[in-house]
Every structure is written in structure tokens, then in C-alpha cells.
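Inspection log for the structure reproduced underneath, given as C-alpha cells.
Read-outs: derived from the displayed coordinates by stated rules, not from any lab. Quantities reported herein were computed from a predicted structural model and do not represent experimental measurements. Cβ coordinates were reconstructed from backbone atoms using ideal geometry, including for glycine residues, and neighbour counts include every protein chain displayed.
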Amino acid sequence: MKKKSLSGIYWIWVSVVVFLLDYYSKSLALHTLKEYQPVVITPFFNFTLAYNKGAAFSFLNGASGWQTWFFGTLAVIVSVGILIWMFRNTFKQYWINIALALIIGGALGNLFDRIYYGCVTDFIQVHAGHLYWPVFNLADSAVCVGAVMLILDAFFKKKKTR
């Protein structure tokens, strides 16, 4: 009898780790930081508690509230699609499965905030002099790293086939 190989869904543990780290870091930020009062860590890095009802980089943050439901629904739909994708992958496609797991973990971390608080908790602030990057969190970082990994995977696969 042929042994069935593990699917890419095995890598979902990465999503769980991302979700838990994001949850813990946001809880710590909520209990130790004061809103919009930076705590300087280095000359280019602060912890600054901020809230975002929009998407990345505060896109649609000032909208009337519909964006919370929109981005929440989008997170669920994308996560289900990615889970199906991972299930169809093989275990050995570790690069793409880890990328997808990072995206799911980040999406669900921010979804939890949207459901529980009505907004996303951000606290990481990077800057160069007086040029500040929008405040973000670990979930945002996981989504971005996962997306970059997917782009790199697509680029190098395309390059290999030439």
C-alpha cells in the first residue's frame, strides 16, 4: 500500500506561532504603552501604541466603519483560499507553505483585533530622522514577509523555466 505524503497543511503550525506572538506582543503593548507616546528604543526605532481601523499604512483608517467589516471579510476569504492552497501543496514545498502560513497567521492576528477591539493594534515604529514609517505590528510584518517570499518564489521559478 502506498503511503500518503503529508500535505502542505502541516506547516499551519507557523500560522499558530505567528498568531500567538502577535497576540502576546499586542497585549503587552496595550498594557505597557500609552497611546501615541513613543518609547524610544534606538535612534530609528520606537514603540508607539496606535490604532488602525483601515488596512496597511492606515489606508481607509478614517472611513465611516464599513472598512472594518470589509477587511475582516477579506481576511476570512483569503485565509480559506490559502488553506485550500496549502492542503493541495506537498509537505516538501516548505518555502511556499511557510510563506502562506505567515500570511494566514498575520491575517488572523489582525482579524482578531478587528473583531475584539473594532480596530487593529499597532505599536512598532521605524523612522529615519523626521521621516516616519507608519506604525505596524507583528501580524503586518508576517503578511509582508510572506508576500515577499511568494514574489521571490514566483520570480525564481519563472527564471528556472527559461
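Here are a few things to note about the model shown:
- Annotated for the chain: lysine pairs at least 8 residues apart or interchain, Cα distance under 20 Å, count 9.
- Selected from GLY72, GLY146, GLY105 as most flexible by GNM, with the chain as the system and alpha-carbon contacts under 10 Å: GLY72
- The distance between label points at VAL40 and TYR24 comes to 3.0 nm (points 7 Å beyond Cα on the Cα→Cβ vector).
- Two-site FRET efficiency, TYR117 against LEU74, from Cβ-Cβ distance with R₀ of 22 Å, rounded to 0.05: 0.80
- Taking label points 7 Å from Cα along the Cα-to-Cβ direction, LEU6 and PHE91 give a separation of 0.5 nm.
- Most mobile of LEU100, LEU20, LEU138 in a GNM of the chain (Cα contacts under 10 Å): LEU20
- Under a Gaussian network description of the chain, with springs only between Cα atoms under 10 Å, the residue in LEU21, LEU152, LEU49 that fluctuates furthest is LEU152.
- The C-alpha atoms of the chain occupy a region whose extents along the principal axes are 62, 33, 27 Å, arranged from largest to smallest.
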